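The values are calculated or read from the model by the stated rules, or taken from the named source; none is laboratory data. Here the structure is a predicted model, which means the values were calculated and not measured. A quick note on method: Cβ atoms are made from the backbone with ideal geometry, for glycine too, and the neighbour counts reach across all protein chains shown. To get the accessible areas, we keep the full protein, side chains included, count just its heavy atoms, and leave off ligands, DNA and RNA. Shrake-Rupley method; radii C 1.70, N 1.55, O 1.52, S 1.80 Å.
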Amino acid sequence: MILDFGSARMRATTVAIDDPGPLEAFLPESGPCTAFIRRGEGFVGLGEAARFETDRLEAADVWWDEISNQIDHDSEMPGEFGTGPIAVGSFTFDPDRSEDRSVLVIPRIIIGRRGGVFWMTKLGAARGDMALPARRERVASPVNPTAVGGAMGEDIWTRIVGEVVDLIRNDEVHKVVLARDLIVRADEPLDLRYLLDRLIENYPMTWAYLVDGMIGATPELLLRRQGGLVTSRVLAGTVWREGDTVDPLQLAAELARSQKDISEHEFAVASVAEALAPYCQAMNVPEAPSVLKLPNVMHLATDITGSVGPDTGALALAAALHPSAAVCGTPTHLALDIISELESLDRGRYAGPVGWTDMYGDGEWAIALRGGQVRPETPQEIQLFAGAGIVADSDPSVELAETGAKLVPMLQALGLDS
């Protein structure tokens, strides 16, 4: 579906503003809205000037290129990263095997903060019509939320993990990322602003996102393109604390020495580096990962950087990188087939790219992890997702526990896990 500007060109105006305070406070009680926030920086988008639903990232890239060429942008801060008109999107993990559609929207109003710079962009507004929208008064916590199960029971999921381990040990595939879901149902429609508030509060180091019913707090940045520099953060290999008596430094040291986790991580790093290489004049891939510490888990992390030309934008790079071994497996085509055959789950937009791009091809695309999806027909219900990378040394019961640890951020936001 396309709601474009018609034959007329659209004017966008960007002005500098005073510190607006928490960006999430501007999200309205009703109507379309988006958010992409980390450490208090990022943006919120209000309303929709245009919307595109598709099956393919490549089609979205073409659409945005056509639409952005119809926008005349008047800005007080030209050249500042992320200011001005943007397109915000959330894409399916596997468009060939999902009933969901990917979506790319152009917010009518954008309020942002980054590096001490504060701005507002409005589409279709003159410079004299640039008053900030009203901040919200309240958000509603979930009413009697209850977990009601998912597509398969835990025993079935662990059995499937065992089947995949056998395939890997027989050299039929190297790594497969398996996901499971959990439905949480409340007595009244969920206020996604409340969930976003809790995620931002509890997990400030992650990218908190809200796009068309998809919400979460992901630690994994698929890519950032800023000028000629592209950065991708690869996360694979996970450990978590069970109780308060475990020394986090000891846990981090164990993760850094774990051959199972190192192997899983190396597959993910290689897949991203290979996908980026054709677009980069130069690239840096660290020899060893670091350990990223989050409140609920720790991950092995590698930040890959490269230089790209002006003709390769953030959406095109996202299309090239997705799906990486971190969320799919390797070889990709074999892992996708195994996921489709054994997982018995439509992931929808879980583990797909989520983020934004601007008129110049810059942008940030994360992977939609640690989150869930609320659909318009069931606003009182959210489908949560979590996955684990399966390799030859995987233990099904340990992988199940890992998915449980990864569900914690959303369960906390819903009031189901303290």
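Once ligands and nucleic acids are excluded and a 1.4 Å probe is used, how much of CYS33 is accessible, expressed in Å² to the nearest 10?
Its heavy atoms expose roughly 30 Å² to the probe.
Less than 15 Å Cβ to Cβ from GLY149, Lys/Arg counted +1 and Asp/Glu -1: what total charge do the surrounding residues give?
The answer is -2.
Please build a GNM for the chain, connecting alpha carbons under 10 Å apart, and tell me which residue among ALA335, ALA208, ALA131 fluctuates the most.
Result for the chain, Cα springs under 10 Å: ALA131 fluctuates most.
When the chain is fully extended, how far beyond the present Cα-Cα distance does THR146 get from GLU341, taking 0.36 nm per residue of separation? Mind dumping the intermediate values first?
Details: separation 195, 0.36 × 195 = 70.20 nm, distance 2.94 nm.
Full-extension gain reported as 67.3 nm.
If I fit a long axis through the Cα atoms of helix 332-342 and take the longest principal axis of the Cα atoms of the chain, what angle between them do I get, 0 to 90°, rounded to 10?
In the chain, helix 332-342 runs at an angle near 70 degrees to the longest axis.
Considering all projection directions equally, how large on average is the shadow of the alpha-carbon convex hull of segment 182-305, in square nanometres?
10.4 nm²
About its Cα centre, how strong a charge dipole does segment 272-382 have in debye, to the nearest 20, once Lys and Arg get +1 and Asp and Glu get -1 at the Cβ?
That gives segment 272-382 a dipole magnitude of about 260 debye.
Determine the dipole magnitude for segment 375-414: charges of +1 sit on the beta-carbon of Lys and Arg, -1 on that of Asp and Glu, nothing else is charged, the reference point is the Cα centre, and the result goes in debye to the nearest 20.
My answer is approximately 180 debye.
Please work out the Kirkwood hydrodynamic radius for segment 142-239, using every pair of different C-alpha atoms, and report it in angstroms with one decimal place.
17.1 Å
Towards the positive end of the charge dipole of segment 110-165, with charges on Cβ (+1 Lys, Arg; -1 Asp, Glu), say which of GLY150, ALA131, ILE160 has the farthest Cα.
Ranked along the dipole, the leading option is ALA131.
Using only Cα atoms, find the angle between the long axis of helix 192-202 and the longest principal axis of the chain, and express it within 0 to 90 degrees, rounded to the nearest 10.
60 degrees
What aspartates and glutamates could a cross-link reach from LYS122, if we take a straight Cα to Cα line under 13 Å and drop same-chain neighbours fewer than 8 places away?
Hits, sequence-local ones excluded: GLU48, ASP72, ASP74, GLU76.
Report, ordered by chain and residue number, the lysines lying within cross-link reach of LYS293, taken as a straight Cα distance under 18 Å and ignoring same-chain residues fewer than 8 apart.
The qualifying lysines are LYS406.
Within segment 399-418, what residues put their amide N at less than 17 Å from the label point 7 Å along the Cα-to-Cβ vector of ARG185?
none
Would you mind putting 356-369, 145-158 in packing order, based on average other-beta-carbon counts within 10 Å, highest first?
356-369, 145-158
Going by alpha carbons, how many degrees (0 to 90, nearest 10) lie between the helix axis of 259-276 and the longest principal axis of the chain?
The helix 259-276 is inclined about 40 degrees to the chain.
Can you give the convex hull volume per residue for the Cα atoms of segment 219-365, as a whole number of Å³?
125 Å³
Tell me, what % of the accessible area of the chain is carbon and sulfur with a 1.4 angstrom probe? Please report the intermediate quantities before stating the final value.
Details: 8120 of 16910 Å².
Answer for the chain is 48 percent, counting heavy atoms of protein chains only.
What does the accessible area per residue of the chain come to in Å², with a 1.4 Å probe and no ligands, DNA or RNA counted?
Using a 1.4 Å probe on heavy atoms only, each residue of the chain averages 40 Å².
Toward the positive end of the charge dipole of the chain, about the Cα centre and with charges on Cβ (Lys, Arg +1; Asp, Glu -1), which of ALA208, LEU276, CYS328 goes farthest?
Comparing the listed Cα positions along the dipole, ALA208 ranks first.
Taking every Cα atom in the chain, find the radius of gyration and the maximum pairwise distance Dmax, and write them in Å.
When restricted to the Cα atoms of the chain, Rg and Dmax are 20.8, 68 Å.
Quick one: net charge around ILE338, please, counting Lys, Arg +1 and Asp, Glu -1 for every other residue with C-beta under 11 Å from its C-beta. Walk me through the intermediate numbers first.
On the way: positive: LYS175; negative: GLU163, GLU172, ASP337, GLU341, GLU343.
It works out to a net charge of -4.
How long are the three semi-axes of the equivalent ellipsoid of segment 1-134, in whole Å, if each is the root of 5 times an eigenvalue of the C-alpha gyration tensor, listed from largest down?
Largest first, segment 1-134 gives 25, 18, 13 Å.
Positive end of the dipole of the chain, charges at C-beta (+1 Lys, Arg; -1 Asp, Glu), about the Cα centre: which of ALA388, SER102, SER340 has its Cα farthest in that direction?
The Cα lying farthest towards the positive end belongs to SER102.
With charges only on Cβ, +1 for K and R and -1 for D and E, what is the dipole size of the chain about its Cα centre, in debye, rounded to 20? Display every interim value, and only then the final one.
On the way: 35 positive and 62 negative charges, 216 e Å.
Result for the chain is approximately 1040 debye, rounded to the nearest 20.
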